[in-house]
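There's a structure below that I have some questions on.
The values are calculated or read from the model by the stated rules, or taken from the named source; none is laboratory data. Since the model is a prediction, treat every value here as computed from it, not as a measurement. Reconstructed Cβ throughout: ideal geometry from the backbone, glycine too, with neighbour counts over all protein chains shown.
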Amino acid sequence: MSRLKPAQILRNGDSVPLAEVTILEMDAFFTAVKQEAAAQGRVIALFASPAGDEFDLFALIAHDWQGTLALLRTRVVDRYPSLTPELPAVHLFEREIAEQYGVVPEGHPWFKPVRFHRSYSAGDAWGRDQQPLIPGDMDYYRVEGSDVHEVAVGPVHAGVIEPGHFRFQCHGEKVLHMEISLGYQHRGLEPLLQGKPGPATMQRLETVAGDSTIAHATAYARICESLSHTAVPPRAEAIRALALELERLANHVGDIGGLATDIGYLPTASYCGRLRGDYLNLTADICGSRFGRTLVRPGGVAYDIDKDRAEKMSKQLALVTRDTKGALALFFDCPSVLARLEGTGQVAMDDAEALGLVGVAGRACGLAVDARLHHPWGAYIRNFDQAVFEETGDVHARAKVRQREIVNSISWVNQALSTLPDSPLIERPGRLAPESLAVTLVEGWRGEVAHVALTDKQGAFSRYKIVDPSFRNWSGLAMALRDEQISDFPLCNKSFNLSYCGFDL
Amino acid sequence: MLKILRERFRQGYRTFPYLKKDPVIAERFRGRPQLPIEPCALDCHACRDACPYGAVQIDQGRVGIDLGLCTFCGDCATACPSGTLTFSRDHRLATRKRDDLLVGPAELQLAAALDERMKKLFGRSLKLRQVSAGGCNACEADINVLGTLVFDLGRYGIQFVASPRHADGLLVTGPVTENMKSALLDTYAAVPEPKLVIASGACAIGGGPFRGSPEVNNGIGDLLPVDLYIPGCPPHPWTTLDGLLRLLGRLERR
Ligand code: SF4
Ligand code: SF4
């Protein structure tokens, strides 16, 4: 391999003209991806983008402790040798590329559709020709044996939740294997984002996963700012981070309540259900929407938190904090609760690393993955040292990570409310640089949200790639269920609380 | 046990007396739009240009908004040079007919109650099966909230059930993706007659932010007969509760 410095080294929020990104020979590309991964690298995205009749393949590998992202690029026609056998973390990315563009990863050990939509290019990687495609129609992994039975759940589930299909291979109560088949929420988001960005672009990104509005909106806004070299005013950065932590609070508190519901511990269940709403209402105090819709805008934020509002919010937060601490203390002090959580749904650290788990699920297995720490942006730069890790990888660890992050986020919000820097709220971005690539990472409450955008000659998006943390973590849930009782599924599922729409796009 | 009791005492009683008191909603909340009463300058269409979904219609200077397409982003109000298009904090938005969602400066035709027979059947006990057919899950999140103790939906006899066979109707969210269409129709078929359909959120009514994607149906459309439309992206929980209670004839004099 030539030592032509194959990888472009970027940082979170950087953009680069596409002409400067070397197009490697296929072999050199795959060798480089493996080398980058072997050097404590973590694949955060692997995706294709049409280039004439062929396809550009881009890989982004994070070197967390250096705070860098290595960008690699090659060209493929309709197939390439699968990386998955050596690098399991890319297994879904390769399936996604195949489904989107009909480019086949040869030798992929688990080659199945992801979202059951038509290919964007001519060929279907599976040669499917039904009209319309039938979601969930694929060969499920099956365990043979006279005592083995199969349980199929979904797509429509029993609660007020999103659709998805789960297949369990069970021996008695014991789950030997669980397979997850999604795609029911597929709205065709990525193609919808192509073209000149406008107000609808932002709204579509705010609704990739509605509970992560601020995370996705921030990632998108930063893409625009990166491509237009816009400096976001510090007050806007502070408000964005504050809203991101409120989003984390609402969801983490809600999840603890959800766990309490699933194990029948009603006091915490009912308090946290209400408290989650109190955090959402704090977000609504800023922008009118409980989910933070319309708050983040390219170049800054659309709403200010003036002194009076900040004081009002601080007072309200103090009340909510007290109740939150009380509700959490009950839960984590109760021996029968702990007994139910400990040791359930364990994922080993090695498995978590191999699968590329991120966010709460990754940190619960001891993986040091938190973009706020390693790839800080905006208000987190030189200001965040509170990353939380647990080691046991079980339901308890996932609950514990949330509990500790709740405490940290409360103090973040408190601090932010009293120290908002003085500056304008928004610096409108100009034209986006043509023929460039930009990448942004934002640590949402569930985990790492990664956006990559490519622009065409006019500076419109020719490709917009979204990687929601759920895309990385659903395999973790499948892993957690191995050798567990099938009755533990709801609890394990809740402890991950992954997004269907964030995965389905 | 003592700890639990002490905490219960501290947390206090939090259920909101909805019918007796007006709910407290964030100051910047965007509810029912207030449209210019006088006709606007004929050459101004700033609001229409600002809307990404074509929800704003202007006829001879008279501005109307289709709440079925609107995501309440407020961009039209920001664009209005005369400041006569604004959003009020009125959370009551649900209607019985699709056409009623097209609002002008006049009062919004809020949902009327079911007819006597249906009201007799469902007025004191309504069991709903929720189906997510795409969307972003924020609609589901704010429906789930109705089960928390602040809203306590159960006290009105309304409940979300696990099986369509136990349900009196469906509450649908999402733009109806290609991949959920048949599951939605199957679920509807499994609900015993007579049955209701509620379209909740901009997505279910008109496709919401995903309107125009070839992967979605732009809402329920003609797939199912809709009895109640609840606008919003997502609808505020109070908007949903208000709509449900109106449908059941529990708010007739309000
Ligand atoms: S508030 Fe509604 S009508 Fe106004 S611009 Fe937004 S979506 Fe369009
Ligand atoms: S209407 Fe809005 S909040 Fe509801 S599912 Fe659609 S995008 Fe999400």
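Restricting to segment A:370-387, name every residue that is modelled with pLDDT under 95 and within 25 Å of residue A:476 (Cβ to Cβ).
Result: A:384, A:386, A:387.
Could you tell me how many of the residues in segment B:38-77 are assigned to a loop (DSSP other than H, G, I, E, B) and either within 16 Å of ligand 2 (Cβ to nearest atom) or within 25 Å of the chain's Cα centre (by Cα) (or both)?
Of the residues in segment B:38-77, 13 are assigned to a loop (DSSP other than H, G, I, E, B) and either within 16 Å of ligand 2 (Cβ to nearest atom) or within 25 Å of the chain's Cα centre (by Cα) (or both).
Here is a check on your reading of the model: is residue B:197 among the β-branched types (Val, Ile, Thr), surrounded by fewer than 24 Cβ atoms within 10 Å (Cβ to Cβ) and assigned to a loop (DSSP other than H, G, I, E, B)?
no
On to the next question. Out of (1) touching an Asp or Glu at 6+ places or on another chain (Cβ under 7 Å); (2) farther than 23 Å from residue B:166 by Cβ, what's the single condition that is false for residue B:112?
Of everything listed in (1) touching an Asp or Glu at 6+ places or on another chain (Cβ under 7 Å); (2) farther than 23 Å from residue B:166 by Cβ, residue B:112 misses just condition (1).
Still on this structure: Restricting attention to segment B:117-136, and to residues there that are surrounded by fewer than 20 Cβ atoms within 10 Å (Cβ to Cβ) and of a type outside the set (A, V, I, L, M), which single residue is nearest to the other protein chains (Cβ to nearest Cβ)?
Step by step, filter segment B:117-136, then rank; the result is B:127.
I've got another one for you. Given (1) within 14 Å of another protein chain (Cβ to nearest Cβ); (2) buried (at least 23 other Cβ atoms within 10 Å of the Cβ); (3) part of a helix (DSSP H, G or I), identify the lone condition not met by residue A:292.
Here residue A:292 clears every test but (3).
Counting only residues that are in contact with a strand residue (DSSP E or B) (Cβ under 9 Å, 6 or more places away or on another chain), within 7 Å of chain A (Cβ to nearest Cβ) and without any contact (Cβ under 8 Å) to a residue 24 or more places away in the chain, which one in segment B:137-151 is farthest from ligand 1 (Cβ to nearest atom)?
Here the residue is B:144.
Something else now. If you go through segment B:217-227 one residue at a time, do you hit one that is within 16 Å of ligand 1 (Cβ to nearest atom) and within 14 Å of another protein chain (Cβ to nearest Cβ)?
Yes - at least one qualifying residue is present in segment B:217-227.
Please work out if residue B:24 is away from ligand 2 (no atom under 16 Å from the Cβ), touching a strand residue (DSSP E or B) at 6+ places or on another chain (Cβ under 9 Å) and β-branched (Val, Ile, Thr).
When the stated conditions are applied, residue B:24 does not pass them.
Could you please let me know if residue A:209 is crowded, with 22+ Cβ neighbours inside 10 Å and either more than 7 Å from chain B (Cβ to nearest Cβ) or of a type in the set (S, T, N, Q) (or both)?
Criteria not met by residue A:209.
Still on this structure, please answer the following. Would you confirm whether any residue within segment A:413-425 is within 14 Å of chain B (Cβ to nearest Cβ), closer than 22 Å to residue A:298 by Cα and surrounded by fewer than 24 Cβ atoms within 10 Å (Cβ to Cβ)?
yes
So which residues in segment B:165-185 are away from ligand 1 (no atom under 16 Å from the Cβ), at negative phi and facing chain A (nearest Cβ under 8 Å), if there are any at all?
Listed by number, the residues that qualify are B:177, B:178, B:179, B:180, B:183.
So which of A:339, A:397 ends up being touching a residue at least 24 places away in the same chain (Cβ under 8 Å) and of a type in the set (Gly, Ala, Ser)?
A:397
What is the one condition in (1) within 14 Å of another protein chain (Cβ to nearest Cβ); (2) more than 22 Å from the chain's Cα centre (by Cα); (3) not in a loop (DSSP other than H, G, I, E, B) that residue A:100 does not satisfy?
Tallying (1) within 14 Å of another protein chain (Cβ to nearest Cβ); (2) more than 22 Å from the chain's Cα centre (by Cα); (3) not in a loop (DSSP other than H, G, I, E, B), residue A:100 fails exactly one: (2).
Does residue B:8 qualify as being in contact (Cβ under 8 Å) with a residue 60 or more places away in the chain, within 14 Å of chain A (Cβ to nearest Cβ) and more than 20 Å from the chain's Cα centre (by Cα)?
no
Any idea how many residues of segment A:166-197 are facing another protein chain (nearest Cβ under 10 Å), in contact with a Gly (Cβ under 9 Å, 6 or more places away or on another chain) and not in a loop (DSSP other than H, G, I, E, B)?
Summing the residues that are facing another protein chain (nearest Cβ under 10 Å), in contact with a Gly (Cβ under 9 Å, 6 or more places away or on another chain) and not in a loop (DSSP other than H, G, I, E, B) in segment A:166-197 gives 1.
So, in segment A:308-324, exactly how many residues are touching a residue at least 12 places away in the same chain (Cβ under 8 Å), facing another protein chain (nearest Cβ under 10 Å) and not acidic (Asp, Glu)?
The number of residues fulfilling the criteria is 2.
So that you can scan it fast, the table gives a plain yes or no per residue for (1) under 21 Å from the mean Cα position of the chain (by Cα); (2) free of Cβ contacts under 8 Å to residues at least 40 places away in the same chain; (3) not assigned by TED's automatic domain parsing to the domain that holds residue A:435:
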site: A:133; (1), (2), (3): no, yes, yes
site: A:138; (1), (2), (3): no, no, yes
site: A:145; (1), (2), (3): no, yes, yes
site: A:148; (1), (2), (3): no, yes, yes
site: A:151; (1), (2), (3): no, no, yes
site: A:162; (1), (2), (3): yes, no, yes
site: A:173; (1), (2), (3): no, no, yes
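Hey, another quick one. Looking at A:352, A:327, A:379 in this structure, which one is surrounded by 21 or more Cβ atoms within 10 Å (Cβ to Cβ), within 14 Å of chain B (Cβ to nearest Cβ) and in a helix (DSSP H, G or I)?
A:327
Could you name every one of the strands (runs of 3 or more DSSP E) located completely within segment A:1-92 that has at least 3 residues being of a type in the set (A, V, I, L, M) and within 27 Å of residue A:455 (Cβ to Cβ)?
Counting at least 3 such residues, we get A:42-51, A:54-63, A:68-76.
Let me ask another. Would you be able to tell me the number of residues in segment A:280-316 that are in contact with a Ser or Thr (Cβ under 8 Å, 6 or more places away or on another chain) and either of a type in the set (Asp, Glu) or not assigned by TED's automatic domain parsing to the domain that holds residue A:430 (or both)?
Qualifying residue count for the region: 0.
Turning to a different aspect of this structure: Considering segment B:201-215 alone, what residues qualify as being more than 10 Å from ligand 2 (Cβ to nearest atom) and at the interface with chain A (Cβ under 7 Å from one of its Cβ atoms)?
Correct list: B:213, B:214, B:215.
Looking only at residues that are of a type in the set (D, E, K, R) and more than 22 Å from residue B:224 (Cβ to Cβ) in segment B:50-100, which one is nearest to ligand 1 (Cβ to nearest atom)?
The qualifying residue nearest to ligand 1 (Cβ to nearest atom) is B:75.
While we're on this one: Mind checking which residues of segment B:88-107 are within 14 Å of chain A (Cβ to nearest Cβ) and either farther than 23 Å from residue A:293 by Cα or out of contact with any Phe, Trp or Tyr (no Cβ under 7 Å at 6 or more places or on another chain) (or both)?
Across segment B:88-107, the qualifying residues are B:88, B:90.
It is to be established whether one or more residues within segment B:154-163 are without any contact (Cβ under 8 Å) to a residue 24 or more places away in the chain and in a helix (DSSP H, G or I).
Yes: segment B:154-163 contains one or more residues that are without any contact (Cβ under 8 Å) to a residue 24 or more places away in the chain and in a helix (DSSP H, G or I).
Restricting attention to segment B:80-102, which residues are under 22 Å from residue B:207 (Cβ atoms) and surrounded by 16 or more Cβ atoms within 10 Å (Cβ to Cβ)?
Hits for segment B:80-102 are B:87, B:93, B:94, B:95, B:96, B:98, B:100, B:101, B:102.
Oh, and also: Residues of segment B:101-136 being within 24 Å of residue B:65 (Cα to Cα), more than 16 Å from ligand 1 (Cβ to nearest atom) and assigned to a helix (DSSP H, G or I), which ones?
Within segment B:101-136, none qualify.
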